[in-house]
Each structure stands twice: as structure tokens, then as C-alpha cells.
């Protein structure tokens, strides 16, 4: 990796997900508009506060991680770029130069699946730039639970990420709006994203009588929803009447009952960090979610 001495717009690690069209918060074109200074980044008050707290908590998370692994990590606030591709740039959170590990620190309320989806591209970019083969996404969840996710170098991801980066940086430097369909073609061979792809439904051909049944089904579900609202109002009326009533065949009871709480998986992982939860995972199950939508109907979509 090479120290970047002249700051210029690049395909930095934090942009990878957006440019690849996999960031629900920003598209490739929106990222291009920001990078070409045609629009400014707009953040909500919540977003600004989260960013501020993330910056505040980063050195604290680093200290907690160092205490956990029993060694000091290397921190530099310089910006680095790839040996061969000057558009691939990053500011590392921390490095273990002895063992060749990239560290990424996050203050979060999300679970590990979300963190992997959001930051896998970022640490792959970090490994591509550094030449390292290992990365750790270290997070502090809900202000107390420290966790670490090990990520291996993914040559398939890096190969196609570089192709996307070459195309995107040319679009930025030449002021040409990127073609999101072409980017999708460049991204398609990346294995990492395939596990999150949803099965596309095939187009059905229904008879008119079957379409009529869908209308009937929709109206029935609408009535059920209305009746549920009515029942909830009655339940609410009697909610503070505790005890039992019985008279002339009418019985009403409202007494407390208890059920055993579920296992706190996050606490289990925190107390036993070496436990392999995958050993206890049940087989995947397939289910179907049926949705009926009627345009111009009084109420919204009905999910069955």
C-alpha cells in the first residue's frame, strides 16, 4: 500500500456498497452526484448523532479490543491507496501489522448479520489495499456487548470490486453518469451477494373467476382486520378489570400468567465467545408469503 499525499476523489472503501448498488440508503448515481459535487450529502439529525457517537466511541472500542486480544494495534490517520490502483483508498481504523489483520470498529445496535452485509465490502477493500488476508469487524452493541467478526480475504469479491472501481472512477473523472445496469453486470459474478438474493416469482396467468376470488379474498381479509380492531377495543375496555366474573352463564377472567423467557443469544455469545452456534442451528425451512393487493382499495395491502 502507498501513502496518499495528494487528496483526490476515489473509490474509497466506504463507497463500495453504494456504488455496487447494494446500499439501500444510497444508489450508485447518488454517490456519483456527491463525488462530482453536484449535490451535498444530506443527513438526518439521527444520522448526524450516530456519526458523532461513532467517532466518539471508536477509540474506546479500540481500547476494549486491545484489552481483549492483549496487544496494541497500529493506528494511523493517514489515507492509503492500493499499489496498482490509485482510486482504491482508505483510512484504516487500526492494523495488526505483526499478524496482518485489518480492524474495523463499529458502535451499533444491529446484529452480526447486518454488520456483515454492510461492512464486508469495506473490509475486503481494506484487505485489497493492505495486502492482508484477515480482517476483524469489532463492534460494541447497545453500549456494552463487545463482539468480533472474523472475515477472510475474498479474491472473488476483490477481483470484481476492482472492475467496478475502474468503471466508476472513470465516470467520476469524466463527468459521465454511471450506468447502473452495467454495474449490476460487473457485480453479478460476486459470490458474496448471492446468499442474500431473493427468489424472483414467475408470472402467473389466472382465469377471470380466479381473479374474482382474489377480490373476494381481499374483502374477507379486510373484514377480519376490521373485526380484529373491534375486538381490540373491547379487550381494551376490560383491560384494567382484574379477577373473575361469572353470572348467568357468562364468564370473564383477567389474571396474570407467565411463560419462561427465551434464551438471550447475545448474552450467551458474550459470556461464551468461543461457542459455535452453527452447531445448534436447525435445518433451513422454506415458506411462502401470500400478499393480495387491490389498487384503489380503501385499505392497504393484505398479507396472508
Which numbered condition in (1) closer than 19 Å to residue 11 by Cα; (2) loosely packed, with under 10 Cβ neighbours inside 10 Å is the only one that residue 164 fails? (2)
Looking only at the stretch 193-217, count how many residues are part of a helix (DSSP H, G or I) and within 33 Å of the chain's Cα centre (by Cα). 2
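How about the stretch 91-189: which strands (runs of 3 or more DSSP E) wholly inside it have at least 3 residues that are closer than 28 Å to residue 4 by Cα and more than 22 Å from the chain's Cα centre (by Cα)?
Once the strands (runs of 3 or more DSSP E) in the stretch 91-189 are filtered for at least 3 residues that are closer than 28 Å to residue 4 by Cα and more than 22 Å from the chain's Cα centre (by Cα), what remains is 94-96.
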Hey, any hits in the stretch 223-230 for a residue that's surrounded by 10 or more Cβ atoms within 10 Å (Cβ to Cβ), touching a residue at least 12 places away in the same chain (Cβ under 8 Å) and in a helix (DSSP H, G or I)? yes
Check residue 107 against each of (1) in contact with a helix residue (DSSP H, G or I) (Cβ under 6 Å, 6 or more places away or on another chain); (2) touching a residue at least 60 places away in the same chain (Cβ under 8 Å); (3) surrounded by fewer than 21 Cβ atoms within 10 Å (Cβ to Cβ) and name the one condition it does not meet. (2)
Quick one: in the stretch 6-25, which of the residues that are surrounded by fewer than 16 Cβ atoms within 10 Å (Cβ to Cβ) and either outside the structural domain of residue 78 (by TED's automatic domain parsing) or more than 27 Å from residue 100 (Cβ to Cβ) (or both) is farthest from the chain's Cα centre (by Cα)? 6
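Okay, residues lined up against (1) surrounded by 10 or more Cβ atoms within 10 Å (Cβ to Cβ); (2) touching a helix residue (DSSP H, G or I) at 6+ places or on another chain (Cβ under 6 Å); (3) closer than 30 Å to residue 144 by Cβ:
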site	(1), (2), (3)
218	yes, no, no
221	yes, no, no
236	no, no, no
258	no, no, yes
294	yes, yes, no
Residue 277 - would you say it is closer than 25 Å to residue 69 by Cα, at pLDDT 80 or above and surrounded by 10 or more Cβ atoms within 10 Å (Cβ to Cβ)? no
For the stretch 11-30, enumerate the residues that are assigned to a helix (DSSP H, G or I) and more than 16 Å from residue 90 (Cβ to Cβ). 28, 29, 30
Among the residues of the stretch 134-151, write down those that are out of contact with any helix residue (DSSP H, G or I) (no Cβ under 6 Å at 6 or more places or on another chain) and closer than 19 Å to residue 88 by Cβ. 134
Among the residues of the stretch 235-269, what is the count of those that are over 30 Å from residue 141 (Cβ atoms) and part of a helix (DSSP H, G or I)? 3
Regarding the stretch 50-72, can at least one residue be identified that is more than 30 Å from residue 144 (Cα to Cα), at pLDDT 90 or above, assigned by TED's automatic domain parsing to the domain that holds residue 162 and not in a helix (DSSP H, G or I)? no
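The values are calculated or read from the model by the stated rules, or taken from the named source; none is laboratory data. Here the structure is a predicted model, which is why all the values come from computation and not from measurement. Neighbour counts are summed over all protein chains in view; Cβ atoms, including those assigned to glycine, are modelled from backbone coordinates with ideal geometry.
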